[in-house]
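In what follows, a structure is listed as structure tokens, so that the remarks can point back to it.
FYI, it's all coordinate maths here, none of it is from the lab. Note that the structure is a prediction, hence the values are computed from the model and not measured. In this analysis, Cβ positions are derived from the backbone assuming ideal geometry, glycine residues included, and neighbour counts consider all displayed protein chains.
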Amino acid sequence: MDDKERRERGMAKRRKVLGNEWVDRANARKTPFNEEFQDFITRYAWAELWMRPHYDERTRRILVIGSMIALDKWDEFRLHVRAALVEGGFSADDIKEIILQQAIYCGVPAANHAFKEAAEVLAEVGKGK
């Protein structure tokens, strides 16, 4: 696969996982400074990694959400929670279970903050309980 095909496949996967609206906004914010990075993540994160056959998309979403909790990357956490709910068919209970699992491995303070962030996203997308 050449870079052009990798870019096209990566963009298709990125749109499927994150949704067209998010990807269109990210593309609109490209600048000469960050466009190489955007191309890089499209080709490698989305085409190479997200399209590997071993794990399905749902499992990859769970891994990413859990990793964002562990790393305190709350903007990315919110992005991937929203995408999981809107594009990935996740329920509020699915998100809750990810956070509960991470409470043991990442700590209660991280999980506490994750519940706060996730509750806001759930309310925004109309899936709050």
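Can you tell me which lysines have their Cα less than 25 Å from the Cα of Lys73? Leave out same-chain residues fewer than eight positions away.
Hits, sequence-local ones excluded: Lys13, Lys16, Lys30, Lys96, Lys116, Lys127, Lys129.
For Lys4, which aspartates and glutamates qualify as cross-link partners when the Cα separation must be under 17 Å and same-chain residues fewer than eight apart are set aside?
Cross-link targets: Glu35, Glu36, Asp39, Glu48.
Enumerate the helices in the chain for which the Kyte-Doolittle hydropathy averages -0.5 or more and the C-alpha atoms extend at least 24 Å along the helix's axis, using complete DSSP H runs. Intermediate values should be presented prior to the final figure.
Working: long enough: 108-125 (25 Å, 0.41).
For the chain, where a helix must reach 24 Å along its axis and average at least -0.5, the hits are 108-125.
Can you compute the helix-only [θ] at 222 nm over the chain? Use -39500 (n - 2.57) per DSSP H run of at least 4 residues, normalise by all residues, nearest 500 deg cm²/dmol.
Numbers: 7 runs with 92 residues, N = 129.
Per the formula, -22500 deg cm²/dmol.
Taking H as built 1.01 Å from N, whose amide H comes closer than 5 Å to the amide H of Lys30, not counting residues under 5 places away?
When sequence neighbours closer than 5 places are left aside, there are no close amide H contacts.
Once all Cα-Cα distances of region 57-125 are split into 5 Å bins that start at 0, what whole-number percent is in each one?
Result, from short to long distances: 4, 19, 37, 27, 11, 2 percent.
Can you compute the modelled spin-label distance between Asn27 and Glu124, with each label point 7 Å from Cα toward Cβ, in nm?
2.1 nm
At 0.36 nm per residue, and after removing the present C-alpha to C-alpha distance, how many nm does the segment from Glu5 to Asp93 gain when stretched out fully?
So the extension gain works out to 28.0 nm.
Roughly how many debye, to the nearest 20, is the charge dipole of the chain about its Cα centre, given +1 on each Lys and Arg Cβ, -1 on each Asp and Glu Cβ, and no other charges?
Its charge dipole is roughly 160 debye.
Could you give the semi-axes, largest first, of the ellipsoid that matches the chain, computed as the square roots of 5 times the alpha carbon gyration tensor eigenvalues and rounded to whole Å?
27, 16, 14
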